[in-house]
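Undergrad: Handing you a structure now.
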Amino acid sequence: MPQEYRLILKHADQTGYTPDIECYLRHGGYEALRKALATTSRELPDGKKQSPQEVIRDEVLKSGLRGRGGAGFSCGLKWSFVDRRSGKPIYLICNADESEPGTFKDRQILHKDPHQLIEGMIISCWANDVKLAYIYVRGEFPQAARIINQALKEARAKGFLGKNILGTGVDLEIHLHRGAGAYICGEETGLIESLEGKRPYPRIKPPYFPAVLGLYMCPTIVNNVETLCAVRHIVSMGAGEYAKLGTVNNTGTRIISLSGDVKRPGYYEVEVGKATLGELIHHENFGQGLRPGRSIRAIIPGGSSSKVLKAGERFKLKRKGADGQMTTVEVDLLDLPYDFDSLQAAGTMSGSGAIIVLDDTRNPVDVLANVSEFYAHESCGQCTPCREGALWMSKALHRLTHGEGRKSDADYLLHIAQNIQGRTICAFGEAAAWPTLSFVKKFKAEFEARGAADEAHPGKPPASH
Amino acid sequence: MSLSIPAPLEAELDELVTRYPQKRSASLMFLHTLQEHFGYVSPEAVEWTAAKLGLAPINVFELVTFYPMFRQEPLGKTHIKVCRTLSCALAGASDLRKHFCEKLGLDAKAHVPQTTPDGNFTVEFVECLAACGSAPVVLVNDTLCEKVDASKADSILAEGKSGGAQLRAAGTLSK
């Protein structure tokens, strides 16, 4: 039976669990940090020696942890790219700019268990020789900012931060930095610009890979809140045990944000890939299905940037059989295991783990109009295809939802979207184009019908709106 | 009008500068702090920040015009931000915003932030507030209100009219 597996959110919603350090310490808090600091160097079978820091980095790599912010890239690999020979300081930034529409998981950690994040950060900083780190909290989280500030103060007072932490001779400082309402700050190079006190215009890669040329042109690690919390658990339980959670290549737990047309929206921590998309929506332990008489029309599976999935779609997945042979199986959309690789095989992504369910009362034209307005508002304006294209798409969708559409708007939208993706400095271009590309392709009849109806009755809003 | 910065506020800002290897990094936190104190970011606040951080005023002004949370004029004492992004829209955010506007005598069709003539309320549509599981949500000053229906909306307004002690920003965030 699919059920929650609470590792990161183990205590968050328990009665009497408070965000202060005393409560965290009573629940075994900062024990993983002590364990990390007590790590000894080890000799590998090939005779090479690993320093204690290298041991921790190796554990994180072996745990299979993949970034929980959206890209799903291996955390250990990301750390391995850090330029450690430049002689420059190495920085670490926690990306707490949670702003992908549909996502509300980091908010739970920041509000309810801030010290877990701080402990994960201290371990990650120590393992990467970082002396100065920042938590970039989105501007729309004023309460979280207060809680984090208080937690940092408490950690300093207990000697977990500051000079000579826990008598190790290592100095580490973590500060809070607040954003101010711009979605693009969630993009790591945009975030770095913002932290430097500038407009958050993303930087072009190459050469500006944060691991080499990040904050102040120094090597920089940017990790999501949930990812850094997972590091704490990897150290605590060991990479091997952590990797037993979840499924092959999709290890550990993930916090799923479920919203839209389900009876019980909310956040659910599960072992990655152990629940299918259908189970997360319908099972009594999760979404509990749709309202009476409704059926699924579409699912946005990984935040509003991910490509929409249409009810009834079937996908081919490669599976390893008991005999070790790879076989191809065809599965219904609802039977897709909710993990990084299955969603990718279905032509979309699990992104930030945010599922938005759309029932049969929703018209895809109205839904895309809403999503498109978001991207038109949030484009930073640096690259022409994105700045202009996102606005053009939003304008076309505005007229389609206000009785002034044209039948040709469907193709017009596809044309614009195709000319944004791949032509911008950062992935925002794709984020803006993918919803349009997928919605219009999969629901073309609806888009054309809306436009045709408007042409037949110019100026008259459609009855369904 | 010149800017009068009380000594404790200046001390707080000075401390913020020490958090960064480069002074310019403190500019966003400066603007937040000044906006919380004065209610908005005035041209004088921009100039003062620039001088303090060794920047040209344009380096600070371009932040005020880019980041949606910074404002160049005072807004209502109770600032109601209604989330308009998908999950909240599915849960009726549009009607919710209309409800606020109609109760306050504001134009329900206007898409820009609107303030009541008495300066008590501002109603604004904003993008995702990251609380989609309890849609529709509203950020009232610094307080998140979840699953806001018409009756909750009315209590938010009543709270605002009575002085809104609980909804008022509870001091500065950078401390």
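Rule-based calculations on the coordinates, nothing more; no lab input. Since this is a predicted model, take the numbers as computed values, not measurements. Methodologically, a virtual Cβ is constructed for each residue, glycine included, from the backbone with ideal geometry; neighbour enumeration extends over all protein chains shown.
Undergrad: Residues that are within 14 Å of chain A (Cβ to nearest Cβ), touching a helix residue (DSSP H, G or I) at 6+ places or on another chain (Cβ under 9 Å) and under 30 Å from A:ILE256 (Cα atoms): list the helices (runs of 4 or more DSSP H) wholly contained in segment B:83-168 that include at least 1 such residues.
TA: Helices (runs of 4 or more DSSP H) meeting the threshold: B:86-90, B:93-104.
Undergrad: For segment B:62-80, check the following and say yes or no: at least one residue is buried (at least 22 other Cβ atoms within 10 Å of the Cβ), within 11 Å of another protein chain (Cβ to nearest Cβ) and assigned to a helix (DSSP H, G or I).
TA: Yes, the conditions are met somewhere in segment B:62-80.
Undergrad: Limited to segment A:116-135, what total is found for residues that are buried (at least 24 other Cβ atoms within 10 Å of the Cβ) and not hydrophobic (A, V, I, L, M, F, W, C)?
TA: Here the count works out to 5.
Undergrad: Would you say A:SER86 is in contact (Cβ under 8 Å) with a residue 12 or more places away in the chain, surrounded by fewer than 24 Cβ atoms within 10 Å (Cβ to Cβ) and in a loop (DSSP other than H, G, I, E, B)?
TA: Spelling it out, A:SER86 is indeed in contact (Cβ under 8 Å) with a residue 12 or more places away in the chain, surrounded by fewer than 24 Cβ atoms within 10 Å (Cβ to Cβ) and in a loop (DSSP other than H, G, I, E, B).
Undergrad: Please tell me if A:ALA311 is within 13 Å of another protein chain (Cβ to nearest Cβ), out of contact with any helix residue (DSSP H, G or I) (no Cβ under 6 Å at 6 or more places or on another chain) and closer than 17 Å to A:LEU336 by Cα.
TA: When the stated conditions are applied, A:ALA311 does not pass them.
Undergrad: Go through segment B:1-57 and count every residue that is closer than 19 Å to B:PRO74 by Cα and either more than 12 Å from every other protein chain (Cβ to nearest Cβ) or free of Cβ contacts under 8 Å to residues at least 40 places away in the same chain (or both).
TA: Counting residues in segment B:1-57 that are closer than 19 Å to B:PRO74 by Cα and either more than 12 Å from every other protein chain (Cβ to nearest Cβ) or free of Cβ contacts under 8 Å to residues at least 40 places away in the same chain (or both) gives 23.
Undergrad: Just checking, which of A:ILE118, A:ILE165, A:ILE135, A:ILE184 is under 30 Å from A:PHE428 (Cα atoms), aliphatic (A, V, I, L, M) and in contact with a Leu (Cβ under 6 Å, 6 or more places away or on another chain)?
TA: The match here is A:ILE135.
Undergrad: Take residues that are farther than 24 Å from A:ASP20 by Cβ and within 14 Å of another protein chain (Cβ to nearest Cβ) and tell me which of the strands (runs of 3 or more DSSP E) falling wholly in segment A:109-224 contain 3 or more.
TA: Fully inside segment A:109-224 and qualifying: A:130-137.
Undergrad: Can you pull out the residues in segment A:42-98 that are closer than 25 Å to A:ILE148 by Cβ and over 19 Å from the mean Cα position of the chain (by Cα)?
TA: Result: A:ILE56, A:VAL82, A:PRO89, A:ILE90, A:TYR91.
Residues are listed down the side, and each one gets a yes or a no for (1) of a type in the set (A, V, I, L, M); (2) touching a Phe, Trp or Tyr at 6+ places or on another chain (Cβ under 6 Å); (3) closer than 24 Å to A:GLY69 by Cβ:
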{"position": "B:CYS88", "(1), (2), (3)": "no, no, yes"}
{"position": "B:GLU102", "(1), (2), (3)": "no, no, no"}
{"position": "B:GLY105", "(1), (2), (3)": "no, no, no"}
{"position": "B:ALA135", "(1), (2), (3)": "yes, no, yes"}
